[in-house]
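See below for the structure under consideration.
The values are calculated or read from the model by the stated rules, or taken from the named source; none is laboratory data. These numbers were taken from a predicted model, which means no experiment stands behind them. Quick reminder, even Gly has a Cβ in these numbers, built from the backbone with ideal geometry, and neighbours come from all protein chains shown.
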Amino acid sequence: MAGLGGLLGGARRNEKALKRRLMRLERSVRSLERLVLAQKYEGAGLHAPGFETNEWGFHSQHGEDAYTLELLSRIGAPRKTFLEIGIQDGLECNTATLAMHFGWQGVMLEGDAELAEEAAVNYRGLPGVCVRQAFVNRENINDLLRETRVDPEADLLSIDIDGNDYWVWEAMQDFRPRVVIVEFNGYFGERSVTIPYDPGFVHRARTPRGYGGASLTAFTKLAKRKGYVLVGGVACNACFVLSSALANGVTEVPPETVFTSPGDSPKTQKVLRGLQGLPLEEV
């Protein structure tokens, strides 16, 4: 029976992985269609949603691919190295396009053992990419940087763990990537807040949806202390650049131009009600 249970568990994991791949393939096809249509009708005055040339993303949900490539093309990427924390299976994350199509090298960390195993399979043909299963917190992040030999001057850092994101970035030492991309929590509004630090925090394990991470204002203040400025973003992803690397029209922007409100839908109101009374820390 134990053997049968193992087989059934493996089949369910394979089914979930296949569903994720099909969903992302469909999204990539739609992105390709938008690119083709945008080129075909260039100059025809089409400005409807879905026809903007920067709204594509073969390995991203909201077009982060296009934004990141445009940003890097302006400020430069002399080392072509990265660190990404929180990749799931590695097929939809901020460094996937760079690693798979542009030859970048770097380290990918994922806390979920099953997803990390899938990611390792997805990147096994790319020896320059190290995929490691690790539940990251502020106690172990600097050890992980040393153990995986992360480039201390990498061109890109991406953090998306829906939990201790603020605390992990704050704890990083002797690591100054050129660009930092973090996912902010729009449900926290414009306050400078984050969830209190909990080394074992797992998003939605014991807390409602929407409780995790930090606000855009909190991340912007932390970035300033580390020598970075906010330059833009896509959806709930904020992009920060080293002040010394600003170039070619890439300039600092105020948080209100990047902040994305979750809106006022019944779904949003339900999330906000669930967040009432939960602790937040002013930073």
(request) Could you please let me know if Val231 is within 20 Å of Gly76 (Cβ to Cβ) and out of contact with any Lys or Arg (no Cβ under 9 Å at 6 or more places or on another chain)? (result) yes
(message) Cβ-Cβ under 8 Å, sequence separation 6+ or interchain: first residue in region 106-126 and closer than 15 Å to Arg20 by Cα and in contact (Cβ under 8 Å) with a residue 60 or more places away in the chain, partner among the small types (Gly, Ala, Ser) and surrounded by fewer than 21 Cβ atoms within 10 Å (Cβ to Cβ). Which pairs?
(response) Glu118/Ala17
(request) Inspect region 152-163 for any residue being at pLDDT below 90, among the charged types (D, E, K, R) and closer than 16 Å to Ala238 by Cα and give the result as yes or no. (result) no
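Here is a yes/no grid of residues against (1) of a type outside the set (Lys, Arg); (2) in a helix (DSSP H, G or I); (3) closer than 20 Å to Phe175 by Cα; (4) modelled with pLDDT under 90:
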| position | (1), (2), (3), (4) |
| --- | --- |
| Phe58 | yes, no, no, yes |
| Leu109 | yes, no, yes, no |
| Val121 | yes, yes, no, no |
| Leu126 | yes, no, no, no |
| Glu139 | yes, no, yes, no |
(message) Which of the numbered conditions does Leu115 fail, given that it passes all the others? Conditions: (1) more than 17 Å from Ile181 (Cα to Cα); (2) assigned to a loop (DSSP other than H, G, I, E, B).
(response) (2)
(request) Being over 17 Å from the mean Cα position of the chain (by Cα) and polar (S, T, N, Q) is the filter here, so list the residues in region 159-193 that pass it. (result) Gln173, Ser192
(request) Only one of these is surrounded by 22 or more Cβ atoms within 10 Å (Cβ to Cβ) and either assigned by TED's automatic domain parsing to the domain that holds Leu216 or touching a helix residue (DSSP H, G or I) at 6+ places or on another chain (Cβ under 6 Å) (or both): Glu110, Glu147, Glu153, Glu92. Name it. (result) Glu110
(request) Give me the pairs, please: first residue somewhere in region 86-102 and charged (D, E, K, R) and at pLDDT below 90, second residue anywhere and buried (at least 24 other Cβ atoms within 10 Å of the Cβ) and in a loop (DSSP other than H, G, I, E, B), beta-carbon distance under 7 Å, and either six or more positions apart or on two chains. (result) Glu92/Ser60
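Touching a residue at least 60 places away in the same chain (Cβ under 8 Å), buried (at least 20 other Cβ atoms within 10 Å of the Cβ) and in a loop (DSSP other than H, G, I, E, B): does that describe Pro279? Before you say what the answer is, go through the steps one by one.
Details: touching a residue at least 60 places away in the same chain (Cβ under 8 Å): yes; buried (at least 20 other Cβ atoms within 10 Å of the Cβ): no; in a loop (DSSP other than H, G, I, E, B): yes.
It is false that Pro279 is touching a residue at least 60 places away in the same chain (Cβ under 8 Å), buried (at least 20 other Cβ atoms within 10 Å of the Cβ) and in a loop (DSSP other than H, G, I, E, B).
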(message) Given (1) of a type outside the set (A, V, I, L, M); (2) within 17 Å of Leu156 (Cα to Cα); (3) without any contact (Cβ under 8 Å) to a residue 40 or more places away in the chain, identify the lone condition not met by Thr257.
(response) (2)
(request) Could you pull out the residue among Val121, Val136 that is closer than 18 Å to Asp160 by Cα and in the same structural domain as Tyr166 (by TED's automatic domain parsing)? (result) Val136
(message) Every residue in region 142-171 that is touching a residue at least 40 places away in the same chain (Cβ under 8 Å) and in a helix (DSSP H, G or I), please.
(response) Leu145, Asp165, Tyr166, Val168, Trp169, Glu170
(request) Being surrounded by 18 or more Cβ atoms within 10 Å (Cβ to Cβ) and aromatic (Phe, Trp, Tyr) is the filter here, so list the residues in region 193-250 that pass it. (result) Phe201, Tyr211, Phe219, Tyr228, Phe240
(message) Looking at region 235-256 only, could you name the residues that are within 17 Å of Ser73 (Cα to Cα) and outside any loop (DSSP other than H, G, I, E, B)?
(response) Cys239, Phe240, Val241, Leu242, Ser243, Ser244, Ala245
